[in-house]
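Rule-based calculations on the coordinates, nothing more; no lab input. In this text, all values refer to a predicted model and were calculated from it rather than measured experimentally. When we count neighbours, we look across all protein chains shown, and the Cβ atoms used for this are built from the backbone with ideal geometry, even at glycine.
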């Protein structure tokens, strides 16, 4: 018999807000000293009250709109109770009754073509802390840096049917959320985490099989391996009766390549959800909704198409730029100043890219001032700064976003001089210093002139128009 | 009478009960669980009083998480005088040690204690005084309250502590908070017959005396029937217990507070710490509250209680169409003896009188041994009324 896999995903993404969801502690503690980003509120101490970080709701809405969701105009927070040492108040504030976004749709593309994945809901919630096990001392320590860092959980309908589709879906979520600048979505940093709900049924059947939930996958590759393992485990159980499938939560062990049932104690229980009386319902009025809607970026496909049709860029260049919203914004700003989309794209995809690579920065980390880049391009196009010096200026602009290309060029003597007198005297000196090259040139070896040309350029510190220098040099030699 | 006593030269002295968090002294919420607990933060209301020149003269014990009858479950022991249970914070005011008591009204013990001491207390409209820095129990209804000798003392202190606080998400705007002190006047009062019926003759006599005093002051008082407000108690007990269960979950022996010595794994650490530290009333409330929130019971019990809360508020508002305030007892008798505490759960029935204002968040003023519940933001008018009417304490 042929089987099909039915998969639904629960994806947690850490929102890229500066502060935590209910207090003003910094939300960025990746790699920080344990318990250095905590206060009585995020440690769940008595007497502190949660105050909703508005930015979290902004980001929740943006995520919802990027995923074509309906936004609940009145969205509420609820308490989810369970005991675990990394949860200091013994409840997590989450959204159970009225999540910020519902009923979305995400289009994915795989080798089999395009497909829509329905989003059940997106809810906002606080993260828990971390337990650190010390094997030497046989003790466990608690780090509360991550408690109350804002998350969204994106719950899909069971519309996925293969590891390939899951990968495409996760990549699509990443792209869209990064485009809206609401989340980093880096599985290696733990800013994107994914639980897989999976069942198997005979192809064409409309009845769902027994569903298991898998946790603890730390990369997309691990997720794919887990799906493949779990699918064959289910089929094996159905076909060969190797085991009886039960609805349970399983932990993926990527080293052993197997999933294991978690102790029932870890998963059983009643979370006793109820509305958090300390957090008033959040009412999203038209003004707020419109503000967020208008702040959303174009989708990547729209940008790519527009760059080709409107700006006349090649498909390849458009595709490269559309990979990151940071590249797009920098490019568009540069274009708005220099007026040439082709020049702006060339600079982005050559010089800007190589600067990013040299600094080991991701595209999204680009903070270069696009308008300043446009000014720099204009200086080069107008023949006011030589290309080699322009690269030096760009380097300085990467180090300091406030650098003005024109001022920097002026200060460092990079401005091409219109002083033809100076050029003439340099040419005269250099020609006199290399009679052999002059003789070679005159005997027909045209390339011999390049040695003198190079020396002149060096003497002028690159601050001259190459074409003018060349013409003047040839004229002078010919006049001898 | 005190868990901690402070010397203060301040002209105005405030005593705070052990639900009000302070950084320089123990706040145990009446519990073995938090015995010795010192907070990292201080109550916003207390900070405001201190800034206005009040000096903290002491901390007074409360019943375990302030849900009992009158402090009898306190880890510091019941406070009695001549065999009668007393509210320690009220007695600190009555004896003249303090001008005002800053307390958290969770389940009515504040109002019962005030009525029996013959003092005046005000439980302001929910949201007008910051709850920041108070031990959370039943967050949707508990209110920072004041006990004083005169209505004027209460009003003065209230004008200091009321106001918006960014640190409390349920805090209302400054404009609304201030309006509660200056709005309207009380001309007609409804006497809630259904509430008075079960009270003893002393309480009924207090009600009658108050009605007469009202009439002498030209304020109309009419008896009315009610079948809804009297139902507040059952709904409040559900909401309070559920929220309590959730709020005291944080006391698990891991981070602070009582930790058992008797454990070999995490489950035992949790279970034994809580079993050894919590008293019988609290354990019962936890189990009851937990049950009302279970998947099986949520819609049947908890959600229904939320609906009752709305219906009770509607019933009040209907009465407020005709009347400015509702008169009812604060307790069923004017003295509780230690014998009364043989019934461990008496606070779950005596709160018949205090639940209506707790569940709706409406302001309540206790004076002359009786209770006035007013429209939202009418506590200033209620205090003015008892100031005019009450002979006691003047």
Considering only C-alpha atoms, what is the centroid distance from the range A:128-193 to the range B:206-258, in Å?
45
Can you give the Kirkwood hydrodynamic radius of the range A:34-83 from its Cα pairs, in Å with one decimal?
13.7
Would you mind checking the radius of gyration and Dmax of the range A:420-479 based on alpha-carbon positions, in Å?
10.4, 30
Determine how many Å³ per residue the convex hull of the Cα atoms of the range A:239-352 encloses.
313
Mind computing the radius of gyration and Dmax over the alpha-carbon atoms of the range A:3-283? Å is fine for both.
19.2, 58
Find the eigenvalues of the gyration tensor of the Cα atoms of the range A:112-243, then list the square roots of 5 times those eigenvalues as equivalent ellipsoid semi-axes, largest first, in whole angstrom.
30, 22, 13
Quote the relative contact order of the range A:3-283 in percent (integer), defining contacts as alpha-carbon pairs under 8 Å separated by 6+ residues.
25
GNM flexibility winner over chain B from B:163, B:30, B:83 (Cα, springs under 10 Å):
B:83
Expressed in angstrom and rounded, the centroid-to-centroid distance over alpha carbons for the range A:429-452 and the range B:319-394 is 109
Have a look at B:157, B:115, B:199 and tell me which one the Gaussian network model of chain B (Cα, springs below 10 Å) gives the largest fluctuation.
B:199
Between the range B:26-44 and the range A:199-253, what's the alpha-carbon centroid distance in Å?
49
Would you mind telling me which residue in B:296, B:379, B:44 has the biggest mean-square fluctuation in a Gaussian network model of chain B, where springs connect alpha carbons within a distance under 10 angstrom?
B:296
What does the helix-only formula give at 222 nm for the protein assembly as shown: each DSSP H stretch with n ≥ 4 adding -39500 (n - 2.57), the total divided by the residues, and the result rounded to the nearest 500 deg cm²/dmol?
-11500 deg cm²/dmol
Stokes-Einstein diffusion coefficient for chain B at 4 °C in a medium of 1.567 mPa s, Rh from the Kirkwood formula over Cα pairs: what value in µm²/s?
62
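Please compute the average number of Cβ atoms from other chains found within 10 Å of each residue's Cβ in peptide B:284-296. Let's see the in-between values first.
Working: counts 0, 0, 0, 0, 0, 2, 3, 2, 2, 7, 3, 4, 1.
Rounded to a whole number, the mean comes out at 2.
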I want to verify the translational diffusion coefficient of the range A:358-432 in µm²/s; compute it with Stokes-Einstein, Rh as the Kirkwood radius over Cα pairs, at 25 °C and 0.890 mPa s.
177
Per the Debye formula with a single identical scatterer at each Cα and no solvent contribution, what log10 I(q)/I(0) holds for the protein assembly as shown at q = 0.05, 0.07, 0.08, 0.11 Å⁻¹?
-0.42, -0.71, -0.84, -1.22
From Cα coordinates alone, what are the radius of gyration and Dmax values for chain A in angstrom?
30.3, 99
Spin-label model distance (nm) - residue A:97 vs residue A:10, 7 Å beyond Cα toward Cβ:
2.1
What is the pair-distance distribution P(r) of the range B:33-109, computed from all Cα-Cα distances in 10 Å bins starting at 0, with each bin given as a whole percent?
17, 46, 33, 4
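Can you pull a Stokes-Einstein diffusion coefficient for the range B:293-348 at 20 °C (1.002 mPa s), Rh from Kirkwood over Cα pairs, as a whole number of µm²/s?
Numbers: Rh = 14.8 Å.
Answer, rounded: 144 µm²/s.
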proj_area_mean for the range A:298-411 (convex hull on C-alpha atoms), units nm², value 6.5
